[in-house]
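Colleague: Provided herewith is a single structure, encoded as structure tokens, for subsequent inquiry.
Bear in mind these aren't lab numbers, they're just calculated from the coordinates by the rules spelled out. Predicted model only: the values in this text are computed from it and were never measured. Here the Cβ positions follow ideal geometry from the backbone for every residue, glycine too, while neighbour counts run over all protein chains shown.
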Amino acid sequence: MGDMRRLTVGVLVALAVGALLAACRPGPVADPGAGPDESGDASGAVIGHQPVGEELAWVESRTREAGVYVKKFGDHRLVLIAMGERPTAGYGVVVDRVATSEDGWVIDVRFIEPAPGDIVAQVITYPYEVVKIADDGCGVTVRDVTGEEPVELAVTVE
């Protein structure tokens, strides 16, 4: 009976550690009500795209500096919205809307910051979000809609 109890405790500990590690992975802060997930939206964009391989290497090379970056990968482009280095947890990028217009792609984002007095982990973070869009030759406009009036952000096309 002692071996069965140890096995059960071991499995429960492993599951708890796995859940903790999955919840603590670096990357964008999710806002479940903010928009669609990997399934995409009406424009065909994929918000919260999880890059792999060459895409991941590019994303990781850009997240330390705040900015908006666009790069072509095959038949699509990735739009990276990065906050750069932040001193604590609690920061994030939320994509509220992706739409197409006559002028091209329009992406509305909000930047999340911890409120004064919030208890947050003292850890360096690099908040970002990735949007996958078609490589259709149209321009990309990214707007910060955190405040009362949208502010157009500079976009670096690589």
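Colleague: When the Karplus curve 6.51 cos²θ - 1.76 cosθ + 1.60 is applied with θ = phi - 60°, which whole-Hz ³J(HN,Hα) does each residue of the stretch 102-110 get, with x for Gly and Pro?
Modeller: Values per residue, Gly and Pro as x: 4, 8, x, 7, 10, 10, 9, 10, 10 Hz.
Colleague: Further question: Post the alpha-carbon centroid distance, the stretch 114-140 to the stretch 50-108, in whole angstrom.
Modeller: 7 Å
Colleague: Given H placed 1.01 Å from N in the peptide plane, which residues other than close sequence neighbours of Thr141 have an amide H under 5 Å from its amide H?
Modeller: So Thr141 has HN proximity to Trp105, Val106, Ile107.
Colleague: Taking θ as phi - 60°, what are the ³J(HN,Hα) couplings along the stretch 127-137 by the Karplus curve (6.51, -1.76, 1.60), each to the nearest whole Hz, with x for Gly and Pro?
Modeller: Going residue by residue, I get x, 7, 9, 10, 10, 9, 10, 5, 8, 9, x Hz, with x marking Gly and Pro.
Colleague: Now for a separate question. Can you tell me the length gained on complete extension of the stretch Glu113 to Thr88, counting 0.36 nm per residue apart and subtracting the Cα distance?
Modeller: My answer for the length gained is 8.0 nm.
Colleague: Turning to a different aspect of this structure: With each label point set 7 Å from Cα along the Cα-Cβ vector, what nm distance links His76 and Gln122?
Modeller: 4.0 nm
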